[in-house]
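Q: The structure under discussion is supplied below as structure tokens; questions concerning it will follow.
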Amino acid sequence: MTQIFLVRHVETVWNAESRMQGHLDSPLTHTGIAQAEALAEYFKSQRFAAFYSSDLGRAYETMRHISEKNGLSFSTIACLREKNFGILQGVLKKELPVKFPEIYPHYKANDPNYVIPEGESIKQLSERCIKCLEELAQKHVDERILIVTHHGVLISLFKHTMDIPIEIRPRFNSSNSSINVFSFQDGIWTLERLGDLSHLGMVQKG
């Protein structure tokens, strides 16, 4: 059995502004930095076989804090990236209906096969990240690994594990810096922990 700790990256400026990020990036907020330091403190004495991160800056910076405190180096992998939102990237979510009236209904409907111009579909994201995660799980049989990734990747694995159709919107959000634990054995995923924020303690918004 492989045990995988999936951590969503910490808060960024665009998260705080509710702006579409996708494959673009923005700096960590003061809250985000505090979240990264809390994660680093939580994982500093825990033993893992490997650390992996999405190659996007916000995931990289989150993992950098964890890695420096723990002492284990990490590798970046492009297939762990967030969904590519194409021409919607960089736009405030509240402005989407006005700026993209033809695209917004597809985005709002969670159409799994709709490919955002210059981006990708929900189905493409799911297939990409599940394949990536299963390859990592098979590489580390009977080991524990830690991965810093994104909301879309976490939701994709959750739906896959719980056998939820990809077009269904889950009734929860994966919070920035949340810790989620899955196990993989004989081709089967199991959810062990979801959305754990206990490491944050007294971290305040700011």
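Readers should treat all values here as calculations from the given coordinates under stated rules, not as data from a laboratory. Owing to the predicted nature of the structure, the values given are computational and were not obtained by experimental measurement. Every residue, glycine as well, gets a Cβ built from its backbone with ideal geometry; the counts of neighbours run over all protein chains shown.
Q: Please compute the modelled spin-label separation between LYS139 and ARG64, points set 7 Å along Cα→Cβ, answer in nm with one decimal.
A: About 2.2 nm separates the two model spin labels.
Q: Using the alpha-carbon centroid of each, what span in Å lies between the stretch 1-27 and the stretch 140-162?
A: 14 Å
Q: Related question: Taking only C-alpha pairs under 8 Å that are 6+ residues apart, what is the relative contact order of the chain in percent? Before the final figure, lay out each step's value.
A: On the way: 399 pairs, mean separation 68.4, N = 206.
Relative contact order of the chain: 33 percent.
Q: Here's something else I'd like to know. Using +1 at the Cβ of each Lys and Arg and -1 at the Cβ of each Asp and Glu in the chain, identify which of HIS140, VAL13, MET162 lies farthest towards the dipole's positive end.
A: Value computed over the given set: VAL13.
Q: A further question on this structure: CYS79 to SER198: extension gain in nm, 0.36 nm per residue of separation minus the Cα-Cα distance? Could you put the intermediate results ahead of the total?
A: Numbers: separation 119, 0.36 × 119 = 42.84 nm, distance 2.81 nm.
The span from CYS79 to SER198 would gain 40.0 nm if fully extended.
Q: Just the Kirkwood number for the stretch 41-97, please: inverse of mean 1/r across all distinct Cα pairs, in Å, one decimal. If you can, show how the numbers build up before the last one.
A: Numbers: mean 1/r = 0.0757 Å⁻¹.
Hydrodynamic radius (Kirkwood, Cα pairs) of the stretch 41-97 is 13.2 Å.
Q: Note down the nm distance, to one decimal, between modelled labels 7 Å out along Cα→Cβ at ASN110 and at HIS30.
A: My value for the distance between the label points is 3.6 nm.
Q: From the backbone phi of the stretch 61-76, what are the Karplus-calculated ³J(HN,Hα) couplings (6.51 cos²θ - 1.76 cosθ + 1.60, θ = phi - 60°) in whole Hz, Gly and Pro given as x?
A: Couplings: 5, 4, 5, 4, 4, 5, 4, 5, 6, 7, x, 9, 6, 9, 10, 9 Hz.
Q: Let me know the Kirkwood hydrodynamic radius for the stretch 50-157, please, with Cα pairs as the basis and the value in Å to one decimal. Working shown, then result.
A: Details: mean 1/r = 0.0655 Å⁻¹.
So the Kirkwood estimate lands at 15.3 Å.
Q: Moving on. Which ³J(HN,Hα) values in Hz, rounded to whole numbers, follow from the phi angles of the stretch 95-112 under the Karplus curve 6.51 cos²θ - 1.76 cosθ + 1.60, where θ = phi - 60° and Gly and Pro get x?
A: 8, 4, x, 7, 7, 9, x, 7, 8, 3, x, 5, 5, 5, 6, 6, 4, x
Q: Which links in LYS93/LYS159; LYS44/LYS94; LYS139/LYS159; LYS108/LYS159 stretch past 29 Å when you go from one Cα to the other? Before the final figure, lay out each step's value.
A: Details: LYS93/LYS159 23 Å; LYS44/LYS94 39 Å; LYS139/LYS159 22 Å; LYS108/LYS159 18 Å.
LYS44/LYS94, as the Cα separations exceed 29 Å there.
Q: Still on this structure, please answer the following. Using only the Cα atoms of the chain, what do you get for the radius of gyration and for Dmax, in Å?
A: Gyration radius and largest Cα-Cα distance of the chain: 16.6, 50 Å.
Q: State whether the stretch 1-100 is rounded, prolate or oblate according to the following rule on the C-alpha gyration tensor (a ≥ b ≥ c being the square roots of its eigenvalues): a/c under 1.5 gives rounded; otherwise a/b larger than b/c gives prolate, and the remaining case gives oblate.
A: Details: a/c = 2.93, a/b = 1.86, b/c = 1.57.
It comes out prolate by the Cα gyration axes.
Q: For a footprinting-style exposure proxy, rank PHE172, PHE74, PHE182 by other Cβ within 10 Å, fewest first.
A: Numbers: PHE172 10, PHE74 19, PHE182 23.
By the 10 Å Cβ count, ascending, the order reads PHE172, PHE74, PHE182.
Q: Treat the count of other C-beta atoms within 10 Å as a stand-in for reagent exposure and order SER45, SER177 from fewest to most.
A: On the way: SER45 9, SER177 25.
Result, fewest neighbours first: SER45, SER177.
Q: A follow-up question, please. Evaluate the charge dipole of the chain about its Cα centre and quote only its size in Debye, nearest 20, assuming +1 on the Cβ of each Lys and Arg and -1 on the Cβ of each Asp and Glu. Kindly include the intermediate steps, with their values, before the conclusion.
A: Working: 23 positive and 24 negative charges, 77 e Å.
Dipole of the chain, to the nearest 20 debye: 360 debye.
Q: In the chain, what percentage of the DSSP-assigned beta bridges are antiparallel, given to the nearest 5? Write down the numbers at each step before the final one.
A: Details: 14 of 28 bridges.
Rounded to the nearest five, the antiparallel share is 50 percent.
Q: In nm, to one decimal, how far is the modelled label at LYS44 from the one at MET162, with both set 7 Å along Cα→Cβ?
A: Placing both labels 7 Å along Cα→Cβ, they lie 3.4 nm apart.
Q: Which cysteines in the chain lack any other cysteine whose Cβ sits under 4.7 Å from their own Cβ?
A: CYS129, each lacking another Cys Cβ under 4.7 Å.
Q: For each of THR29, THR149, THR76, count neighbouring Cβ atoms within 10 Å of the residue's Cβ, then give the residues from fewest to most.
A: On the way: THR29 20, THR149 30, THR76 16.
The order, fewest Cβ neighbours first, is THR76, THR29, THR149.
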